[in-house]
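J.: A single structure is presented below for examination.
The values are calculated or read from the model by the stated rules, or taken from the named source; none is laboratory data. Just so you know, these numbers come straight off a predicted model, no measurement behind them. Glycine gets a Cβ as well: all are built from the backbone with ideal geometry, and neighbour counts include every protein chain shown. Only protein heavy atoms, including side chains, enter the accessible area calculation; ligands, DNA and RNA are left aside. Shrake-Rupley method; radii C 1.70, N 1.55, O 1.52, S 1.80 Å.
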Amino acid sequence: MSELSEIKTKLAMSSRMLFNAGLVDYSGHISARLPGSDHLVILPHPVSRATVKPDDMVITDFDGKLIEGKYKAPSEVNMHARAYKARNDIQSVAHLHNHMVATLSMVDKPFYPASSNPGAFFGPGPLPVYMDPALIHTIEQGDAVAKALGNADAVMLRGHGSMVVAQTIEWVFAGCVDLEEAAARFYKASLLGPVMIYNEDETQRVMKQRRKDSVVQKIWDHNAAKTKLAGLMNGI
Ligand SMILES: [Zn+2]
C-alpha cells in the first residue's frame, strides 16, 4: 500500500471511530499532512463521517485550496491547513464539536488536568482557549487558532469545540478520546465541589505513564474493534 493510500485508509477508519465514540456527528474532521509536501489529506465536506471511504478523501494546500478530489473540502479546512503551516512538528489534526469540551469552553473557568488516564494527556496547566466563537472559515481565522494553540497539543474553541494535534493519526485519535473523557470527568467533579487539580509534578508523573505509543495503540485497537462490532467498518 502506498503512503497516500495508507493515510487515506487511516483517516477513513479514524473518522468512523470518532463517530462511533460520539466525538463527531455530521461535522468534525481529521486530517494528515502529506509527508514532505505543503499539502494535507482530509475527509470531504458532504460525506458522512460514519461511512466515509479512503477514496473519498481530498487533498488541499495550506491555504485550503483544493488540489485533488471529487468533493469539496470541509468549510473549516483552514483550521487544519494553518496549523500545519505554523507547526512543522505535527502530522495530524482533528477538529471536533465535542460536547463536553464545548460545554467547558462556555464557562470562565480554566480546564486543568485532574484525573489519571485521560486527564493528564495534554500536560500541565490549563488548556489554551481560542475565544472567538465564529466558525473558522478564513486563512486569518486559521492563523489565529494556530496562535492560540501555540506549542500545545490541543486548544479549546469557545462555545464551539476543540482542535487536537499530534505526530500521527493514532496519537490525534487517542488525544481526542482522552480530551473528551477528561472534560466529562472535570464537569462532573465540578458539580460536586472544588476540583483538586493536579500540580505540575503530579501531572508530569501521570502524563509520563499515559503518553506512550503502546497506550495510544491500545486506545486505537480498542476503538477499531468497537467500531467493527458496531458494523461501521464495512468497505475499509
Ligand atoms: Zn467547527
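J.: Does any residue of region 91-106 turn out to be within 16 Å of Asp38 (Cβ to Cβ) and part of a loop (DSSP other than H, G, I, E, B)?
T.: Yes, some residue in region 91-106 is within 16 Å of Asp38 (Cβ to Cβ) and part of a loop (DSSP other than H, G, I, E, B).
J.: Related question: Suppose we filter region 61-76 for residues that are within 22 Å of Met1 (Cβ to Cβ) and part of a strand (DSSP E or B); how many remain?
T.: Total meeting the criteria: 2.
J.: Out of the residues in region 51-60 meeting the condition of being in a loop (DSSP other than H, G, I, E, B) and of a type in the set (Val, Ile, Thr), tell me which one is least open to solvent (accessible area, probe 1.4 Å).
T.: My answer is Val52.
J.: Would you confirm, using the coordinates I've provided, whether Ser48 is open to solvent by less than 10 Å² (accessible area, probe 1.4 Å), within 30 Å of Ala182 (Cα to Cα), among the hydroxyl-bearing types (Ser, Thr, Tyr) and away from the ligand (no atom under 14 Å from the Cβ)?
T.: Spelling it out, it is not the case that Ser48 is open to solvent by less than 10 Å² (accessible area, probe 1.4 Å), within 30 Å of Ala182 (Cα to Cα), among the hydroxyl-bearing types (Ser, Thr, Tyr) and away from the ligand (no atom under 14 Å from the Cβ).
J.: Any idea how many residues of region 190-210 are open to solvent by 80 Å² or more (accessible area, probe 1.4 Å) and over 18 Å from Pro124 (Cβ atoms)?
T.: So the count comes out to 3.
J.: Just one of Val93, Val101 is open to solvent by less than 10 Å² (accessible area, probe 1.4 Å) and within 17 Å of Val41 (Cβ to Cβ); which is it?
T.: Val93
J.: Sticking with this structure for a sec: Going through region 167-189 one residue at a time, which ones are of a type in the set (A, V, I, L, M, F, W, C), open to solvent by less than 10 Å² (accessible area, probe 1.4 Å) and within 12 Å of the chain's Cα centre (by Cα)?
T.: Within region 167-189, Val172, Phe173, Ala174, Cys176, Leu179 meet the criteria.
J.: Which residue is nearest to the ligand (Cβ to nearest atom), if the candidates are limited to region 136-158 and must be within 16 Å of the chain's Cα centre (by Cα), in a loop (DSSP other than H, G, I, E, B) and of a type outside the set (D, E, K, R)?
T.: If we take residues in region 136-158 being within 16 Å of the chain's Cα centre (by Cα), in a loop (DSSP other than H, G, I, E, B) and of a type outside the set (D, E, K, R), then Ile136 is nearest to the ligand (Cβ to nearest atom).
J.: Pull up region 104-130, narrow it to residues that are among the hydrophobic types (A, V, I, L, M, F, W, C), open to solvent by less than 30 Å² (accessible area, probe 1.4 Å) and under 24 Å from Ile169 (Cα atoms), then point me to the one that is farthest from the chain's Cα centre (by Cα).
T.: Ala120
J.: Turning to a different aspect of this structure: Residue under question is Pro133, and the condition is that it be open to solvent by 30 Å² or more (accessible area, probe 1.4 Å), under 19 Å from Gln204 (Cβ atoms), without any contact (Cβ under 8 Å) to a residue 40 or more places away in the chain and over 16 Å from the mean Cα position of the chain (by Cα); does it hold?
T.: So Pro133 does not fit the description; no.
J.: Right, here's the next one. Can you tell me which residue within region 2-45, out of those that are hydroxyl-bearing (Ser, Thr, Tyr) and more than 16 Å from the ligand (Cβ to nearest atom), is least open to solvent (accessible area, probe 1.4 Å)?
T.: Looking at residues that are hydroxyl-bearing (Ser, Thr, Tyr) and more than 16 Å from the ligand (Cβ to nearest atom), I get Ser14.
J.: Quick one: would you say Val164 is open to solvent by less than 50 Å² (accessible area, probe 1.4 Å), within 24 Å of Met13 (Cβ to Cβ) and not aromatic (Phe, Trp, Tyr)?
T.: So Val164 fits the description; yes.
J.: Output the residue which, of all residues in region 58-103 that are under 17 Å from Ala134 (Cα atoms) and among the charged types (D, E, K, R), is farthest from the ligand (Cβ to nearest atom).
T.: Arg82
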